[in-house]
Structure formats: C-alpha cells, structure tokens
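This report refers to the structure that appears directly beneath it.
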Amino acid sequence: MDVSIVIPVYNEGATVAPLCARLHPVLAGLPYTSEVLFVNDGSTDDTLDRLRALAAEWPAIRVIDLSRNFGKEAALTCGLAEAGGSAVITMDGDLQHPPETIPHLIDRWQAGYEMVFAQRLSRSDQDALSRLYVRAFYWLFDRLSAVRLPRDAGDFRLFDRKVVDALNRLPERNRFMKGLYAWLGFRTAAVGYDCAERAGGKSKWNRLGQLRFAFDALTAFSNLPLRVFGVAGLIVSVLAFFYIVIRLIRVTVYGIDVPGYESLLAAVLFMGGVQLVCLGIIGDYLGRVFEETKRRPLYVVRERFGYSTAPEVTRRVE
Ligand code: UDP
Ligand code: MG
C-alpha cells in the first residue's frame, strides 16, 4: 500500500458521495496503490449507510465505525493508527479540502519531505469574529509554547510512514494534533490551496467548543499559566511585606488611624479572586493529569468493513 487517505466524518451524509466522486479520478491518476479510510465518528445521520454503499462500489474504501462520537482528534488518531500506507494523507470529509491538491502533496513527499501540510491561501468560511479569535489564539500560543504552529494550516496533510509511526507512539490522551505535528519536527514543506465552502451539511463547531479546544491546546503545550501565578504571588507578597513595614512605622510614629475599610475590602476581594483563578488553573492541569492516568483508550471501534475485511466475509460465505 503506497498512499492512505484518512477522512474523519461526523454527520457528513450529504458530502461523502460527492467527495468520493472527486477523489476517485485523482487517485486513479496516481502511479500508486491507494486506500481511502473513513473513520465514522459516531454519525447520527445516514453517513454510515452511504459509506456502506460506496464501499460496495469502490474496493479502495475501508470504513472504521466508532461506537460513538469521540471528537475529530480521536477520529484522526484512529485513522492514523489503522492506515497502512507509506504515505498517509488526512483530510476533512466536507470537501473544504480539494482532492485535486493531493498530487501536489505527493510531489513534495517524493522530493524528500516527510510532512507536507496544505496551507490555505484563502478562506471564505470565517466571519470577522472567528478570524480575530484565531489570530488571538495563535498570538497567545506563540508566546506560551516553545512549539511553532504554521499559520493557515489545518488537518489537510501528508505524513511519511516514519512520522505516522512516531505519532502513533505519542502516549497522551489530550491530542491537539496540530501541536503534536509541530512538536514532532521532521522535514516539513507547505503547499498552497484554496479552501472551498462546505459542499453540504454544517460545521461541527460552536464558539464554546472552540474556546474549550483553544484552552486545551494551550494548557497541553505550555505550563506557563501555572508559573505566571507563582511569579504574581511572589510580587504581591514582596509588595505586601514593604507595605506592612511602612504601616508599622506609621503606626508607631503617628498612632493608629482606623479608617481604611474600603482599601482593606478591596485587597481581600482582589487577592481572593486571584487565588481562585490560580486554583482554577491548577485544577485544570490536575484534571488533565487525571484524564491521562485513567489510560482509557481514545476511541472504541464498533465495526470495520471494506476491502481489508472482505477476505473474511468471503470465507464466512464459503
Ligand atoms: N469531525 C469529526 N468528529 C467531530 C467533529 C468533526 O470527525 O466530532 C469531522 C467532520 O466530519 C469533518 C472534519 O472533522 O470531516 C472537519 O469538521 P468541520 O468541517 O465541522 O470543521 P471546520 O472545517 O469547520 O473547521
Ligand atoms: Mg469543514
């Protein structure tokens, strides 16, 4: 097997057939053997039935059906673990990633690059607020983490077998894939593409989900938030120490003046707030440690079908 295409799908019933229709000629035009590996991430629509029909028509298709929705990062992890190709390409199932870019990715791979990411030249599906949000995330990530994320690069990528094996060996449960790709290193190249509109269905993101994702990504790749509060605590303690000394001198020289209720309350409330934020951040990291120590699998497979299981089926028929 030369090339595996890994596609996580969650409620993409409207787009899987058009996607295959465009993927087929592209793969047929390549001088390589290939497989198309769909990971059905607990779709509740007709995605699975459509995949079954497509797999019956096109023998290159393989489907892994997960037992429920585990999220895109888990579905990708599953696809990468099961893909057999010397090169593995991940892409979205909504046709935002044009299959026609695949030969360009493969060109770069042939030129010796071990990871090739497709870089959006244009993006039509984002409003101004989302753009601002994304900019803020990258700005913060650059400052907090030692890992550099390339801009405008999503999950449309090619990985050499070496990279896939390394990815599969990464043990963490919390998988911010873009960060892990960057962390791995390897010889990396970029190829431009025009990001299309969704061919159908709708995006799986909402603002709250994005915020959660961004926070997980930041805390997975940096422990600066933990250290910042240590430094802040130190600064406040030093200032408080000098303040106490000044007050003591004032009290011994001028006697006690009672007023100061507001400043007292302000200081207590402010410090209480800072402490709670600090506890919240520690709690988040602790929760992460808890998740990791449970060592649950990242996903559960209900069923596999497609060409790899076909021999088994025929055996059963005999
Ligand atoms: N996806 C998935 N599991 C999820 C959410 C999304 O497998 O829980 C898949 C989805 O079917 C699509 C890809 O991830 O193939 C990208 O999702 P989407 O188009 O919603 O993200 P966007 O392009 O808006 O970033
Ligand atoms: Mg999309």
Scan the stretch 184-206 and give yes if some residue there is away from ligand 1 (no atom under 16 Å from the Cβ), part of a helix (DSSP H, G or I) and open to solvent by less than 40 Å² (accessible area, probe 1.4 Å), otherwise no.
yes
Could you figure out which of (1) open to solvent by 40 Å² or more (accessible area, probe 1.4 Å); (2) more than 23 Å from Phe70 (Cα to Cα); (3) outside any strand (DSSP E or B); (4) in contact (Cβ under 8 Å) with a residue 60 or more places away in the chain isn't true of Thr101?
(1)
Looking only at the stretch 139-189, how many residues end up being of a type in the set (Asp, Glu) and in contact with a strand residue (DSSP E or B) (Cβ under 9 Å, 6 or more places away or on another chain)?
3
Tyr193 vs (1) at pLDDT 85 or above; (2) within 16 Å of ligand 2 (Cβ to nearest atom); (3) under 23 Å from Cys78 (Cα atoms): all pass except (3)
Can you pull out the residues in the stretch 141-165 that are part of a helix (DSSP H, G or I), under 21 Å from Leu80 (Cα atoms) and under 17 Å from the mean Cα position of the chain (by Cα)?
Val163, Val164
From Tyr113, Tyr138, Tyr133, grab the single residue that is under 27 Å from Asp284 (Cα atoms) and in contact with a Lys or Arg (Cβ under 7 Å, 6 or more places away or on another chain).
Tyr138
Return the only residue of Ile282, Ile235, Ile256 being open to solvent by 60 Å² or more (accessible area, probe 1.4 Å), farther than 28 Å from Ser67 by Cβ and part of a loop (DSSP other than H, G, I, E, B).
Ile256
Per the filter on the stretch 83-98, residues crowded, with 20+ Cβ neighbours inside 10 Å and within 10 Å of ligand 1 (Cβ to nearest atom) are Thr90, Met91, Gly93, Asp94, Leu95, Gln96, His97
Count - residues of the stretch 122-170 that are modelled with pLDDT under 85 and either in contact with an Asp or Glu (Cβ under 7 Å, 6 or more places away or on another chain) or basic (Lys, Arg) (or both)
6
Within the group Leu80, Leu149, Leu105, Leu144, which residue is away from ligand 1 (no atom under 16 Å from the Cβ) and out of contact with any Pro (no Cβ under 8 Å at 6 or more places or on another chain)?
Leu105
Restricting the stretch 108-140 to residues that are open to solvent by less than 70 Å² (accessible area, probe 1.4 Å), part of a strand (DSSP E or B) and within 16 Å of ligand 1 (Cβ to nearest atom), the residue that is farthest from Asp160 (Cα to Cα)
Ser122
Is at least one residue of the stretch 39-59 in contact with a strand residue (DSSP E or B) (Cβ under 6 Å, 6 or more places away or on another chain) and assigned to a loop (DSSP other than H, G, I, E, B)?
yes
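The values are calculated or read from the model by the stated rules, or taken from the named source; none is laboratory data. The shown structure was predicted, so the numbers you read here are calculated from the model rather than taken from an experiment. Counting neighbours? That spans all protein chains shown, and the Cβs are built from the backbone with ideal geometry, glycine included. Note: accessible area is taken over every heavy atom of the protein model, side chains too, but ligands, DNA and RNA are not part of it. Shrake-Rupley method; radii C 1.70, N 1.55, O 1.52, S 1.80 Å.
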